[in-house]
Amino acid sequence: VQLQAFGGGLVQAGGSLRLSCAASGRTFSSSGMGWFRQAPGKEREFVASIGRRGGSTYYENSVKGRFTISRDNAKNTVYLQMNSLKPEDTAVYYCAAGPVVAGIWSTYDMNYWGKGTLVTVSS
């Protein structure tokens, strides 16, 4: 699976962005998908995951209620809708393919990674 994330940019605090991740390859619909992020000087951390059929989702506590992960298997695309953005959400966001069942994933759980897209939230 090859992944390409896009949709990042500069937004003011309280604003919204929608990230997309387009996948190529046959295994997209058989893979769970996740979003991770890495802020400057910090380790890459889990943000959200979704099962291969989209029926289950998990979120890191700080984004619950603000971010929504979804997928469209017909388009081989996974999305991350980010609302009520905060300066602490500033990071490079990565999409990744991993376990079939959604969960709170570690970077070690993931099989494929896309290049990141930078999200900057100004105060």
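Heavy-atom accessible area for T77, with the other protein chains in place and a 1.4 Å probe, reaches approximately 20 Å². Ordered from highest to lowest accessible area with the whole protein assembly present and a 1.4 Å probe, L118, L3 read as L118, L3. Maximal additional length on extending the Q81-T107 stretch stands at 7.3 nm, based on 0.36 nm per residue less the C-alpha distance. With springs only between Cα atoms under 10 Å apart, run a GNM on the chain and tell me which of R26, R53, R71 wobbles the most. Highest fluctuation of the listed residues: R26. E88 exposes around 130 Å² of accessible area when a 1.4 Å probe is run over every protein chain in place.
Ranked by solvent-accessible area (1.4 Å probe, protein heavy atoms only, all chains present), the residues V119, V100 order from largest to smallest as V100, V119. In the complete set of protein chains, residue-level accessible area for I50 is approximately 0 Å², probe 1.4 angstrom. Applying 1/(1 + (r/R0)^6) with R0 = 22 Å to the Cβ-Cβ distance of E88 and K115 gives a FRET efficiency near 0.45. For the chain, the relative contact order works out to 37 percent when only alpha carbon pairs closer than 8 Å and six or more residues apart are counted.
Residues Y108, Y93, sorted by accessible area with the largest first, give Y108, Y93 [1.4 Å probe; ligands and nucleic acids excluded].
The values are calculated or read from the model by the stated rules, or taken from the named source; none is laboratory data. Note that the structure is predicted; figures quoted are calculated from it, not measured. Every residue, glycine as well, gets a Cβ built from its backbone with ideal geometry; the counts of neighbours run over all protein chains shown. All accessible areas refer to the heavy atoms of the entire protein, side chains included, with ligands and DNA or RNA removed. Shrake-Rupley method; radii C 1.70, N 1.55, O 1.52, S 1.80 Å.
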